[in-house]
Structures are given as C-alpha cells and as structure tokens.
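Written below as structure tokens is the structure these notes are about.
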Amino acid sequence: MSPAGPLAEPTTKAAAPARKRRVWVWYNDERVLGWGSVALVIAIWEAAARLSGVSPLYLPQPSQIVVALFKMFATGGLAIDLGWTLWRIFAGFALAVVIGAALGVWIATSFRVRAIADMFIAMLYPLPKVTLIPLLIIWLGTGGPFMLTISFLGAIFPIVINTVLGVRQCDPGLVLAARDLGATPQQIVRKVLVPSAIPSIFAGIRLGLGVSIILVVAAEMVVGKYGLGARLYLSGQILETEQVFAVLIVLAALGIIVTKVQDYIDIKLGRWRLA
Amino acid sequence: MKSPNVAIELEGIGLTFAPESETPTIALNDVHCRIEPGKVTALIGPSGCGKSTLLQIARGFLNPSRGQLRFVEVASGKVTGRPAMATVWQAFNLFPWLTVIENVAFGLEVAGVSKQEREARARKAIGAVDLAGFERHFPRQLSGGMRQRVGIARALVMEPEVLLLDEPFGALDAQTRLVLQEQLSSLVETSGTTAILVTHSIEEAILLADKIVVMSARPGRIVSEIAVGLPRPRTFATTQDPEYAQLFDRIYGLLRDEVMRAMIIESEKADT
Ligand SMILES: Nc1ncnc2c1ncn2[C@@H]1O[C@H](COP(=O)(O)OP(=O)(O)OP(=O)(O)O)[C@@H](O)[C@H]1O
Ligand SMILES: [Mg+2]
C-alpha cells in the first residue's frame with residue numbers, strides 16, 4: 001500500500017461523478033455531437049466543392065442546393081409536387097390501415113379465413129412490390145387509381161401480418177377473463193383482442209407507411225408528371241444536380257417528420273404496452 | 001343481493017383431454033361432490049390433479065366427457081339453470097390497457113350498464129378491497145397483492161351467486177397472502193356468496209373453507225371431504241387453535257401420499 005498522499009487523489013476523483021451538479025462540457029452533449037457533426041460534414045463539403053473546382057454537375061455546393069431548394073418552392077412548384085406525393089402516399093396508406101387492420105382481425109379470429117389468406121399472403125408477400133408496377137400500369141394506367149393501388153399494396157401486407165400476429169399473441173387468460181365476465185364473442189374481439197394487438201398493429205402501420213413512401217416515389221419516377229419522384233427523375237435527366245439534391249432533402253425531411261410523429265404516437269400508446 | 005340457494009352437484013364427472021398429437025390425459029375420473037350454497041368449499045390436491053379443470057367444468061367453459069353437472073335449487077329440490085358466476089384467477093388476468101376502475105367495471109360495461117351506474121358500483125367494489133384512490137392507476141403500476149385485489153373487486157362487482165377462486169394467492173408472497181386471506185374471508189362472508197376455492201395451501205383451506213375436498217393424484221378423484229367447524233371470523237390467531245392443528249395433520253396425511261403418487265406419475269410421464 002502506498003502512503004496517504006497518492007491515494008487521496010483517486011478517492012476524490014471517484015467521488016466527483018456522484019455529485020449532482022455536472023459541469024456542462026460540449027463534447028458530452030448529445031445534441032452538440034449530433035448536429036455539430038452534420039454541420040461539420042456540410043462545411044467540409046462546401047469547402048471541398050469550392051476549392052477543388054469540381055463541376056457543380058457532379059457535386060454542387062450545399063449553398064447552391066439551398067438556393068435551388070428555395071427557388072423550387074418559391075417559383076418552381078415544388079410545393080405542388082410535395083402535395084401530390086403526400087396525397088398519393090396517404091390516400092392508399094389510409095385505406096390500407098382500415099382494410100388491413102380489419103382483415104387482420106378477421107384472419108386471426110377465423111380458422112377458415114386464415115387457411116385461405118395464408119396461401120395468398122405466402123405467395124404475394126415475398127414479391128418485391130415494385131415488380132408489380134408494369135402490370136398495374138397495364139391494368140390501371142398511370143393516373144390516380146394506379147397510385148392509390150401501389151401505395152395500398154405497399155402498406156397492406158405489413159399491417160395485415162402484424163395485426164394477425166398481435167391478435168394471436170393475446171394472452172388466452174385475458175380472453176377467458178372477459179368470457180367469464182359475460183363478454184360476447186364480438187365484445188371479446190372489440191374489447192380484448194384488438195386492444196391487446198394495438199402495439200403490434202402500430203408496428204405494422206409503421207412498416208407499411210415506409211413501404212408506401214418508397215413505392216409511390218418509385219412509381220412517380222417511372223410514370224409521373226407531378227410528384228417528388230417525377231421531379232427527382234426529370235431533374236436528373238437534365239443534369240440539374242442541385243435540384244436532385246433539393247428533392248432528396250425534401251424526401252429526407254418527410255422521412256424525419258413521419259418518424260417523429262410515429263415516435264410521438266408510440267409514447268401516447270404507452271398504456272397498451274404490457275406490464 | 002338475494003342469498004344463494006342453488007347447490008352444484010357433480011355426479012360421476014370425468015374428463016379426458018385427447019389432443020390429436022399426444023396420448024390422452026385422464027384429468028378427472030368419477031368425481032362426486034356437492035357444493036352447498038352460501039358456503040366456501042376448498043379443493044385441495046396435488047399439482048396436475050385436475051382442480052382447475054373441475055372449476056372450468058363448473059363454470060361451463062369445459063364439458064365433462066362423462067357424468068353430470070347439475071344445479072339444484074335447495075328449497076324445492078328442482079334442477080335450475082346455471083347461477084351467475086365470476087372467477088378470480090391465479091395469474092390475475094387484468095386487462096393491462098385498462099385502468100383499475102375500467103377493469104373492475106368491465107363486466108358491467110359488456111352487460112350494458114350505464115356509465116354512471118357502473119362507475120359508482122366499481123368505485124364501491126374498489127373501496128371494499130381497500131384500493132380507493134387507485135382508480136386511475138394501470139395494473140402495471142400496482143404490486144401483486146394490489147392487482148389481485150383488483151381481480152377480486154372485478155369478480156365481486158358482478159354480485160355473483162358463485163365465486164370461483166383458482167389459486168387466487170398462488171402468485172403472492174407469504175405475508176401478502178396472509179393479509180389477503182383475511183380480507184377475502186370477510187368479503188366472502190359479508191357478500192354471502194357460494195365460493196369454490198382451489199388452493200395448494202392447507203392453511204388457506206382451513207382459514208377460508210366450510211368444507212375441504214381433498215383430491216387424489218391424476219386422474220383426480222375425491223379422496224375425502226372434511227368439514228371445518230372452526231368459529232368465524234378466522235384470523236391468524238386461529239392457527240394457534242388445537243382444532244386447527246388436528247385438521248392440518250389430517251389433511252397433510254391425506255395429501256402427502258397423493259403428492260408422492262403425483263410425483264411418480266409426473267416422472268413416468270416425463271420418461272415416455
Ligand atoms: N387443454 C388441455 N389439454 C391437454 N391436457 C390438459 C389441458 N388442460 C389441462 N390438461 C392436463 O390435465 C391435467 C389436470 O390439469 P389441471 O390444470 O386441471 O390441474 P390442476 O390440479 O389445476 O394443477 P395445478 O395445481 O398445477 O394448477 C394436467 O395433467 C394437465 O396437464
Ligand atoms: Mg390449476
């Protein structure tokens with residue numbers, strides 16, 4: 001054992017983190033690190049693009065992209081494209097939520113319906129949905145019904161599958177308790193099976209919305225005249241690289257907003273999370 | 001509430017579980033028993049002897065393979081329909097997404113009782129199990145003992161003629177158990193319902209029951225019926241009574257042999 005002098009230091013150091021008031025240091029702050037590193041990358045990008053003299057056709061400067069973004073919103077009708085894309089995504093997606101959840105409950109609670117649906121799900125679910133675009137265009141053209149269908153098809157499978165899973169994972173003890181308290185089979189479905197499946201249904205909705213967004217943007221790239229996907233494709237065709245980046249930023253922002261809203265709903269759904 | 005007047009008669013009840021994939025299990029064989037109205041009947045027996053199965057048969061959730069289940073009006077001796085029943089579960093089986101008061105009011109809600117009335121009745125039942133102030137809590141925010149008190153309130157609010165208790169305190173620690181046993185004893189006494197209590201605890205059976213039915217190892221039969229004449233209210237002090245010790249020894253003697261047999265049966269089952 002060494003004498004008291006050298007020992008004293010480690011003791012006080014160890015005691016320090018136990019104190020309530022912590023000193024704020026920038027490199028310990030989650031936000032500073034997160035946003036800071038993004039800002040740093042953008043700054044390096046800006047500097048590199050300016051100094052290297054590389055053509056903006058390949059790599060525009062972030063400042064040029066921001067300018068392009070504002071111009072596109074102000075005079076280029078990007079807001080209209082955004083509106084089109086949102087409408088296409090959410091119309092089909094909303095339909096998929098309603099039909100998918102109802103269908104999922106039906107499949108989960110009826111042996112016959114399950115036997116039939118299992119076959120179709122097994123055949124259609126693994127199919128990458130983008131591969132349906134050509135066939136759907138032949139059948140529906142490239143207008144509203146096509147977009148509605150593609151968004152709907154993207155969302156419905158995860159929603160149905162997760163709803164079935166959630167309902168079937170319901171604790172049989174809860175069903176028995178409800179029956180014991182006099183609930184009819186319909187009441188058991190409405191008041192026990194569906195509520196117990198809510199977290200799982202919502203997980204399906206999350207996945208489904210993601211697929212809907214991908215499919216609608218992909219479909220717009222193939223056939224659209226309006227919409228973010230169409231804008232992206234056309235900008236690429238005429239080598240307006242800043243505009244390509246600008247549309248990508250809008251899509252990324254859309255993704256962030258959707259995720260945040262879902263996180264918020266997830267927190268609100270806390271009462272459905274089991275003990 | 002009107003005092004219960006329907007006895008439950010089990011005559012030669014047998015039940016064989018025959019899952020397609022496995023060898024059939026004879027859970028119950030030739031069970032004869034009469035559950036007297038307004039009394040507490042305890043079912044005690046080794047694990048797997050068919051106690052829960054018997055309760056489910058009485059509840060009407062399982063159909064016996066053999067024998068007859070009858071509900072008999074005592075005064076007239078006439079066979080009648082199933083009296084109102086409610087169950088308290090070993091695993092509590094509370095709805096985790098509903099608050100305490102919503103859980104307790106569930107049975108009234110599905111029966112179409114108005115919101116105002118069911119809230120008032122649920123509130124009263126919650127008060128009766130000493131949980132006033134916890135109406136808006138969710139089950140996960142409560143301790144095990146409190147959860148089972150919600151379970152008891154949820155059953156009692158239905159004013160059942162027959163209360164079915166399937167190891168209601170099996171998941172609780174010994175101290176909580178003692179307190180809840182006393183509480184349940186007085187609740188059942190004041191409500192005057194018929195009760196069937198499945199338990200593994202000899203102590204619990206003696207403290208709560210008017211009659212103790214001892215069951216054999218699987219296939220479950222009834223080995224013995226023992227009347228408990230100890231005065232009420234019974235509390236922890238009752239366990240000091242010499243009559244208590246006598247009863248305990250007698251039941252333990254009967255059970256020990258059956259539990260040994262049950263262990264042999266289970267190990268043979270595991271071998272095959
Ligand atoms: N649905 C079922 N299918 C097949 N076998 C079953 C089923 N339910 C119960 N059994 C079997 O029947 C026997 C009696 O079961 P039961 O649950 O009634 O016993 P128990 O006396 O309540 O046991 P414990 O004290 O452990 O709760 C057991 O051997 C059990 O494995
Ligand atoms: Mg049991």
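Taking only DSSP H segments of four or more residues, each worth -39500 (n - 2.57), what value at 222 nm results for chain B once the sum is divided by all its residues, to the nearest 500 deg cm²/dmol?
Value at 222 nm, helices only, nearest 500: -11500 deg cm²/dmol.
Longest exposed-loop-site-free stretch of chain B, with trypsin sites (Lys or Arg not before Pro), DSSP loop and at most 11 other Cβ within 10 Å? Present the calculation step by step, with values, prior to reporting the outcome.
Details: sites that count: B:K2, B:K78, B:R136.
In short, B:137-272.
Once the other residues with Cβ under 13 Å from the Cβ of A:R88 are scored (Lys, Arg +1; Asp, Glu -1), what is the net sum? Please list the in-between numbers first.
Values: positive: A:K225; negative: A:D81, A:E220.
Summing Lys/Arg as +1 and Asp/Glu as -1 gives -1.
Name the most mobile residue of A:V211, A:V38, A:V98, meaning the one with the largest mean-square fluctuation, in a Gaussian network model of chain A with Cα contacts below 10 Å.
Most flexible of the set in this elastic network: A:V38.
Could you check the simple spin-label distance between A:A47 and B:V179, using points 7 Å along Cα→Cβ, in nm with one decimal?
Inter-label distance under the simple model: 6.6 nm.
Kirkwood-based Rg over Rh for the range B:102-173 (C-alpha set), two decimals?
Radius of gyration over Kirkwood radius for the range B:102-173 works out to 0.96.
If you consider only alpha-carbon coordinates, what radius of gyration and Dmax does chain A have, in Å?
Rg, Dmax (Cα atoms, Å): 26.4, 88.
Averaging sequence separations of C-alpha pairs under 8 Å and six or more residues apart, then dividing by the length of chain B, give the relative contact order as a whole percent.
Result for chain B is 26 percent.
Sum up the charges of everything whose Cβ sits under 13 Å from the Cβ of B:F236, counting Lys and Arg as +1 and Asp and Glu as -1, but leave B:F236 out.
-2
About the Cα centre of the range A:115-212, how large is the charge dipole given +1 on each Lys and Arg Cβ and -1 on each Asp and Glu Cβ? Please answer in debye to the nearest 20. All intermediate terms of the calculation are to be shown ahead of the outcome.
Values: 6 positive and 3 negative charges, 26 e Å.
My answer is approximately 120 debye.
Please arrange B:E73, B:E182 by counting, for each residue, the other beta carbons lying within 10 Å of its beta carbon, fewest first.
The order, fewest Cβ neighbours first, is B:E73, B:E182.
Give the separation of the Cα centroids, the range A:100-151 to the range B:53-111, in Å.
If you average the Cα positions of each part, the centres end up 42 Å apart.
Put +1 on the Cβ of every Lys and Arg and -1 on every Asp and Glu Cβ in chain A; which of A:V244, A:G208, A:G76 then has its Cα farthest towards the positive end of the dipole?
Projecting each Cα onto the dipole axis, the largest value belongs to A:G208.
I'd like the mean, over residues of B:92-105, of how many other protein chain beta carbons sit within 10 Å of each residue's own Cβ.
4
How long, wide and thick is the range A:28-85, going by the Cα atoms along their three principal axes, in whole angstroms, largest first?
41, 33, 16
For q values of 0.21, 0.23 Å⁻¹, compute log₁₀ I(q)/I(0) with the Debye formula on a Cα-only model of the range B:1-79, without solvent.
Log10 I(q)/I(0), no solvent term: -0.99, -1.13.
Starting from the 7 Å offset along Cα-to-Cβ, what nm value, one decimal, do you get for the label separation of B:R250 and A:R273?
Roughly 5.4 nm, to one decimal.
For chain B: lysine pairs with Cα atoms under 25 Å, gap of 8 or more or different chains, count?
Counting lysine pairs in chain B gives 13.
Compute the semi-axes of the equivalent ellipsoid of the protein assembly as shown, taking the square root of 5 times each eigenvalue of the Cα gyration tensor, and list them largest first in whole Å. Don't jump to the answer; show the numbers that get you there.
Numbers: eigenvalues 805, 219, 98 Å².
One finds semi-axes of 63, 33, 22 Å for the protein assembly as shown.
Counting only C-alpha contacts under 8 Å and six or more residues apart, can you give the relative contact order of chain A as a whole percent? Write down the numbers at each step before the final one.
Numbers: 263 pairs, mean separation 62.7, N = 275.
Taking the mean separation of contacting Cα pairs over the length of chain A, I get 23 percent.
Using +1 on the beta carbon of Lys and Arg, -1 on that of Asp and Glu, and nothing else charged, what's the dipole of chain A about the Cα centre, debye to 20? Don't skip to the end; give the middle numbers.
Numbers: 23 positive and 13 negative charges, 167 e Å.
My answer is approximately 800 debye.
When Lys and Arg each count +1 and Asp and Glu each count -1, what net charge do the other residues less than 15 Å away from A:L136, Cβ to Cβ, add up to?
With Lys, Arg at +1 and Asp, Glu at -1, the neighbours total +1.
With a point put 7 Å past each Cα toward its Cβ, work out how far B:D241 is from A:K260 in nm, to one decimal.
A separation of 6.9 nm, rounded to one decimal place.
Throughout, read-outs are computed from the coordinates displayed, never taken from laboratory work. Treat the numbers as computed from the prediction; the structure is a model and nothing was measured. Because the Cβ atoms are built from the backbone with ideal geometry, glycine has one as well, and the counts that use them run over all protein chains shown.
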